[in-house]
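The values are calculated or read from the model by the stated rules, or taken from the named source; none is laboratory data. Remember, predicted model here, so these are calculated numbers, not experimental data. Note that each Cβ is placed from the backbone with ideal geometry, even for glycine, and that neighbours are counted across all protein chains shown.
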C-alpha cells in the first residue's frame, strides 16, 4: 500500500520537484520588496540573496527597527503555484498567479486564525464544553481562504459539516462560532444548530449540513435560483471524497448540466471518508474526472494561491458553460471528528509528513519571509494577536447564556400564519395570508 | 408513462391507453413506472355532490343518489350569491390555482417529471409551460432526491418552487431532503432561512394500481417537524389550499388523490384561499363526529345518507389539515356530540387516525362518552386484485356499522 505522500507525488507525474516546495526555482519575484529607504532595500536584498534563511534578516531588521508599510502594499507579485493544474474536458488555467503583499498577509492571518480556532475548539471539546459532533478543518484552511478570495458575497457557498472555517471566511465572527459550538444564544443559529449547522444568510453562506451529500442538490438549487433571478453569480457546492460516491450528486450534476446552471461542485478530497481511505471507497478516485461530461480540474488544495486561481477560473467557466467540478487535494490533521483519533487508519508519520511538507500556513509563511514582506517576528506577532482574539472570543462565549426554554418552539414554523407547534385550543383559527 | 385523460364527460381517473400511445421507441419500461394496467378500465367517477357513476361491468352497483354535501360556512354556496362561478374538475381547479399564483408572483416555479412539455401526468400543469416558459415550468429527469433538494435549495434563496411527485410514493426517494432539509432548515439556521416550497402529488389507493403505486405517505411524513400537511378533497378546497400553500412561508405537503381528479364542482370566480390549518365542516350533526379526509370523505358521505335514513345525525368534518390538526374545530364538535369516529385511508399502524386519536384523547377525554373508533385501511401492501383492493380500504357499509356500534 503506497503511503499518502508518495501516492500524491506519483499522481502528479511527471513531478521532478524535490519534496520541499520552497526551493528557489519555483519562485520568481518580479519586484524587489518595497521599502521607504532605497539604500536599506539594497542592503536587505543583498542579505536576502546571499541566504534564503529568514534568520539572517532578523538581526538586521530588529537593529534598524523600521516599521515597513507592508501590510497594505498591493504591488502585484507574480508567483507560481506548487504544481500545475490537471484538467479534464477543459483547458487548465495557468500556473502563474498574481498576488500582493497585502493579500498574502491577509491569507496568513486568516489561515492562522482558522487554525487557532480549530485547535481551541479541540480543547473545548475535550473540556466537554462542546458536545456531540465536532468536525475540525485544520489542514484544509487554504481551501476556504483561497475560495473566498476568488468570490464576492453575491456568490453562494454551501458545504457539509466541516463548516467552521468556511463560515469564518464568509464573514462570521469568532463569537458566533464559539457560542454556537457551546450551544449559547449568541451563536449564529441561536444555539439550536450546533457544529454542523452554521449559516450566514446575509453573506450567502448556506451551511452547514449533517447528511453526507445532501447539500449538493441544495447547492444546485441555489445555482438554479441564481440563474432564475439572473444574478450573474455562482454557487460553490462543497463535498468530500466520501460524499463523492453519493448518487444524488450525479443526479444533481446531470440536472445542472442539462439546465446550464452556474454550479461549481468542489470535492475537498482529504483522502479519507472518516476511516475509509479513498482507494477503498471509490473505484475511480480521480474525482475531478467523475463528472464525465462535466469538465473538471484537479487543484493542490494546500496551496491557497492555486485554490484562488482555480476558483476564479471555475467561476468564469460556470457562468458561461455550466457546471464544473474542482477537486481540491487537501488533508486534515485531526480525525474525521473529535471522536475519531485519526490514527487508526493512517500512520502518524503520514500526518507529520504532510504537516512538514504541505502545510498551507507554513507555505505562506515561507513565501512571505522569502519575499521579505514581513519579518518572522511580525508573523509571530500576528499569530499571538490571533491567539488572543480566539481566547477573548471563547471567554465571551462562555459568559453567554444558554437559549431560553421558549426557544424550543420558535422557528419550527415561520410565524405570522397562525401556526403553533403545540397547543390544542387555538383561539385564532383564521390567519391572513399575504 | 402516466395516466392520460380521455375527456371531461366520460372521464376516467386513470386510462389505460398508455401502452398504446406511448412512444414506441421505448421498449423498456422501468418497473416502477408501469401505470398501464389493463385495456378497459373499470372505474367509478364520484361527483362532488355524491352521485356515484359506476361502470356497468363493475362490482357492487349500489346506486345512491345523494345530496350529501351540506352547506358550508365558507363553501361555494355562500359566496355564489355574488357571482355565478364556474364549473370545473378538480385537476382543473388545481391548475387554475397554480396558474393564478404563478401569474401573481414571479418567484413561483414548478418542477417535476413531465410537468412541462407533457402537461403533467394528471394534467395539473397543462398549458403552463407554454405560458410561462421552460425556466418556470421545469421538466426534471427521474431523480426525485436531487430535484427535491434543488427545489429546497432554491427556496432558501427566496424562490417558491412547487415540487411535483408524479405519484406520492416516489417522494420516498426524497425522504431525506424532505425530512432533514425541508423541515428542519428553518430551525437549525435559527430562523435565517424559510423554505416556502409546496410538495404535491397524487397518492392514495387507486384502481388496481398495485402496491407501490397506492401509497399513502401522510403517515410517514407526519412526524417531520417543521412541515405542514394538507389534503384536498373538492375542487373548491383544492384550489384554495393550493393557493394558500404557495403563499405560505412554511413547507407544505399537499396530498391529492388519484381518484378525485375528476370531481366536478362549481367554484367562485373571485380570488379565494382556504386556510391551511382549518378543518371543513361538511355536514353538521348531533349524534356522532366523523372525522375524515381526502377520498374517504365521499365514502363517509355515502354512508351518511344511509345513516340519515336510519335516523342518525352524523356530523362530518373533513379535517383537511393533517399537520397540525385543527383541534379547535374538532374539539368543539366533540364537545357537542361526545362520540368520535375517524375514517381514513392510510394504514392502521402509525397512521393519521392513530395520531388524531391520541390528540383527541389527550385533550378532550372528559367529553367522550365512548372510546374513539378509528377505521383505517388494512396493514397490508395494496393488492392488485380488485376484490381484495376493495376490502383493503374502508367501505361505506363498514362506516354505517361503526356508527351504529358507537351510538348504542
Exercise for the section: Scan the stretch B:118-134 and give yes if some residue there is closer than 30 Å to residue A:195 by Cβ, within 9 Å of another protein chain (Cβ to nearest Cβ), without any contact (Cβ under 8 Å) to a residue 40 or more places away in the chain and out of contact with any strand residue (DSSP E or B) (no Cβ under 9 Å at 6 or more places or on another chain), otherwise no. Expected result: no
Practice task
Answer yes or no as to whether residue B:375 is closer than 15 Å to residue B:316 by Cα, in contact (Cβ under 8 Å) with a residue 60 or more places away in the chain and either within 20 Å of the chain's Cα centre (by Cα) or not in a helix (DSSP H, G or I) (or both).
Solution key: no
Problem - Qualifying position, being assigned to a loop (DSSP other than H, G, I, E, B) and either within 14 Å of chain A (Cβ to nearest Cβ) or in contact with a strand residue (DSSP E or B) (Cβ under 8 Å, 6 or more places away or on another chain) (or both), among B:380, B:394, B:403, B:343 - result: B:394
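For every residue, the table says whether it meets (1) surrounded by fewer than 23 Cβ atoms within 10 Å (Cβ to Cβ); (2) at pLDDT below 95.
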| position | (1), (2) |
| --- | --- |
| B:343 | no, no |
| B:360 | no, yes |
| B:372 | yes, no |
| B:399 | no, no |
| B:405 | yes, yes |
Exercise for the section: Sort out which residues of the stretch A:187-202 are within 19 Å of residue A:157 (Cβ to Cβ), within 7 Å of chain B (Cβ to nearest Cβ), out of contact with any strand residue (DSSP E or B) (no Cβ under 9 Å at 6 or more places or on another chain) and in a loop (DSSP other than H, G, I, E, B), and write them in order of number. Expected result: A:189, A:193, A:197
Problem - One residue from B:206, B:191, B:201 being part of a loop (DSSP other than H, G, I, E, B) and touching a helix residue (DSSP H, G or I) at 6+ places or on another chain (Cβ under 6 Å) - result: B:206
Completion exercise
Residue count, the stretch B:152-195, condition closer than 15 Å to residue B:215 by Cβ and facing chain A (nearest Cβ under 10 Å), comes to 2
Exercise for the section: Name, by its number, the condition in (1) in a loop (DSSP other than H, G, I, E, B); (2) touching a residue at least 60 places away in the same chain (Cβ under 8 Å); (3) under 18 Å from the mean Cα position of the chain (by Cα) that does not hold for residue B:312. Expected result: (3)
Fill in the blank from the handout: Filtering the stretch A:211-230 down to residues that are touching a residue at least 12 places away in the same chain (Cβ under 8 Å), touching a helix residue (DSSP H, G or I) at 6+ places or on another chain (Cβ under 8 Å) and either within 7 Å of chain B (Cβ to nearest Cβ) or within 29 Å of residue B:134 (Cα to Cα) (or both) yields A:213, A:214, A:216, A:217, A:218, A:219, A:220, A:222, A:223, A:224, A:227
Completion exercise
Residues in the stretch A:231-277 that are within 11 Å of chain B (Cβ to nearest Cβ) and part of a helix (DSSP H, G or I) total 13
Problem - Yes/no for residue A:162 being in a loop (DSSP other than H, G, I, E, B), within 7 Å of chain B (Cβ to nearest Cβ) and in contact (Cβ under 8 Å) with a residue 24 or more places away in the chain - result: no
Completion exercise
When residue B:123 is run through (1) modelled with pLDDT under 95; (2) surrounded by 24 or more Cβ atoms within 10 Å (Cβ to Cβ), the failure sits at (2)
Exercise for the section: Report the residue count in the stretch B:275-309 for those that are in a helix (DSSP H, G or I), more than 19 Å from the chain's Cα centre (by Cα) and closer than 25 Å to residue B:219 by Cα. Expected result: 1
